[in-house]
Amino acid sequence: MISGVFGFWIVGFGLAFGPSDPTGFIGMSDSTYTVSAHFDRYTVEDLNLKWIFQFAFANTSSAIVSGLLMERCRIETYGAFSFLITLFIYPIVAGWEWNPAGWLAVKGFHDFAGCAAIHTLGGICGLVGSIMCGPRYNLFQGVQFPFLFRETREAKNKKFLEE
C-alpha cells in the first residue's frame, strides 16, 4: 500500500484527473505531478478530499491483485506491481471514465460502483500477474513449472529444507 500511495501521489492523480489531451486518452498538463497539475477548478480542501477518495479506489484495485498473487510471488514483487498499478495503469483507466474529458465519459459511458475501473481492472491485472508467477507454492508438489519470478523463492526453499 505504501508504494501505491507514492505512485498515485507522484503521477497517478494527475494522469487521471488533470486536463485531458485532445483524444481524452490521458490527463496531462504542464506537469502531470499531483502537486503541480493546475487543478484550478478546485479549492485546496476539495482537491485533498478528491485525492483521498480516488486513492481509496486505486488502492482497492491494487488490493484485488494482492489476493490473486498471495503465495505466488515475493512481497517485493507485489510492492512493485502495486506501484505500477497506481502510478500508471489505474489512473489511465479511471481517467477514461471519471475525468469529464475522458474518451469513455464523452461517449456517455456510466460505471456502476467502480465495476470497470476498479474491479475489472484489478481482476485483469491479478490474472496477468498470476499467469506470470505461476501456481501457488506447494500446489503441485514434485512438479516443476518454469514460470517467471519463481526461481529465487524455490531455490531459497530448497536451501532451507536442506539445512
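The values are calculated or read from the model by the stated rules, or taken from the named source; none is laboratory data. Remember, predicted model here, so these are calculated numbers, not experimental data. FYI the Cβ positions are ideal-geometry reconstructions off the backbone, even for glycines, and counts take in every protein chain you see.
Scan Gly122, Gly129, Gly134, Gly102 and give me the residue that is at pLDDT 75 or above, on the phi > 0 side of the Ramachandran plot and buried (at least 16 other Cβ atoms within 10 Å of the Cβ).
Going through Gly122, Gly129, Gly134, Gly102 in turn, the sole match is Gly134.
Conditions (1) surrounded by fewer than 11 Cβ atoms within 10 Å (Cβ to Cβ); (2) modelled with pLDDT of 65 or more; (3) in a helix (DSSP H, G or I), marked per residue:
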residue	(1), (2), (3)
Phe8	no, yes, yes
Leu15	no, yes, yes
Phe25	no, yes, no
Ser31	no, no, no
His38	no, no, no
Leu49	no, yes, yes
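Could you list, in sequence order, the residues of segment 88-99 that are buried (at least 21 other Cβ atoms within 10 Å of the Cβ) and among the acidic types (Asp, Glu)?
none
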